[in-house]
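Enquirer: The structure under discussion is supplied below as structure tokens; questions concerning it will follow.
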Amino acid sequence: MNERGFSTLSILIVEDNLMVALLVEQVVGKLGCEVAGNVTSGEEALRCYEHTDPNCLVTDLGLIGSLSGIDLVQVIREGKQFSVIFITGTPDFPHRKFSNERGCTETIYCRSDGLVGSLKRINHFHRRKKYHR
């Protein structure tokens, strides 16, 4: 656990908007979490995920390349447990049902300004899971 009370969350950031990606990375760093990678496409995220094995994914719904954020989670989810934060500026979240049906441990839809609260909830979840096994 670091000085801010966060257990070591390893976070893979998947965002094709450079400004948003840098903002997310800055927030993650200020909270003392580890940035496993910062990539722009689902395909890059799959490669990075295999090498870093993060326990949290922060991704946009719409990405460059052939995989959306939803597609990415569906591919990675096979046999894995990890938390997901979908970042979207869209006020309507039609994919919430998808994430619930796929057994996501925690899926939070937020705009980038809601990221700190989302990361705090996920950190709490991971700490609880770690200490209550």
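Enquirer: Taking 0.36 nm per residue of separation and subtracting the Cα-Cα distance, what length does fully extending I64 through H124 add?
Expert: Values: separation 60, 0.36 × 60 = 21.60 nm, distance 3.15 nm.
The span from I64 to H124 would gain 18.5 nm if fully extended.
Enquirer: Another question, if that's okay. Between A36 and residues 5 or more places away or on another chain, which pairs have amide H atoms under 5 Å apart, with H built 1.01 Å from N, and which residues are they?
Expert: Result for A36 returns I11, L12, I13.
Enquirer: On a 1.4 Å probe surface of the protein chains, which of S68, S83 comes out largest in accessible area, and what is the full order?
Expert: On the way: S68 35, S83 0 Å².
Sorted descending by solvent-accessible area, the residues read S68, S83.
The values are calculated or read from the model by the stated rules, or taken from the named source; none is laboratory data. Because the structure is predicted, anything quoted here is derived from the model rather than measured. Protein only, heavy atoms only, side chains kept; ligands, DNA and RNA dropped before computing areas. Shrake-Rupley method; radii C 1.70, N 1.55, O 1.52, S 1.80 Å.
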